[in-house]
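Read the structure below first, then the notes.
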Amino acid sequence: MFDRYTEKARRTIFFGRYAASEYGAAQIETEHLLLGLVQEGLERGLPFPDGAKEAIRLAILAGMPAKNIQTGTSVDMMLSRDARKVLELADQEREARGHKSLHTGHLLLGFLLVPDCLAAKTLRKVGYEVETLRAEIRSATNRGLLPE
C-alpha cells in the first residue's frame, strides 16, 4: 500500500501509529497521523510556516481525549475510517497531479479534504487552505523541490 510513498510520507505513518499507541488509542486517527507529520516534517521545498508545528501539536493535544493506558507498539492497530479516507484522498491528489510519488504535501491535502476531522480543523486554524496548498505544491514541484 505504501510503495508509492516517499520516505517522509512512510515515516509520517509510522510516527502516527506510534502517537496512537502513546495515547492509548484503539485505532490510528487523523490527529495521530498529523502528529506523525509534525514529528517527521514536510518534504524539502514545502516547509511548515513559522510556529505552525508547535501550534498544530498543541491544538491536536488539546482536542484529543485524555490519555488512556499506553498501547504497546507491537499491537496491530487499524486506521480509522477518516484516516483511511485521508490516505485515499492523498493518493487521488497524487494521481490527479500526475505524480509518481505520494509525498507529505499530498498528505496535507488529504487531511484538508476530510473537513470535519480534527487534523483538518487544526490545519485550517494555522492557515492551511486546499487551493493555496495545491498552488504551493505545484510551484515547488516545478522548481524541482518536490518529487513528481
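Coordinate-derived values only; no laboratory data. What you see is a predicted model; the values in this text were computed from it and never measured. We place every Cβ from the backbone using ideal geometry, glycine too, and count neighbours over all the protein chains shown.
If I fit a long axis through the Cα atoms of helix 81-96 and take the longest principal axis of the Cα atoms of the chain, what angle between them do I get, 0 to 90°, rounded to 10? Helix 81-96 sits at roughly 10 degrees to that axis. Enter the angle in degrees (range 0 to 90, nearest 10) between the Cα long axis of helix 130-142 and the first principal axis of the Cα atoms of the chain, meaning the one along which they spread out most. Once rounded, one gets 60 degrees. Taking Cα atoms only, the orientation of helix 52-63 departs from the longest principal axis of the chain by about 30 degrees. Across Asp116, Asp50, Asp82, mean-square fluctuation computed from a Gaussian network of the chain (C-alpha pairs under 10 Å connected) peaks at Asp50.
Distance from the C-alpha centroid of region 74-103 to that of region 113-148: 14 Å, rounded to the whole angstrom. For the chain, a crude dipole built from +1 on the beta carbon of Lys and Arg and -1 on the beta carbon of Asp and Glu, taken about the Cα centre, is about 140 debye to the nearest 20.
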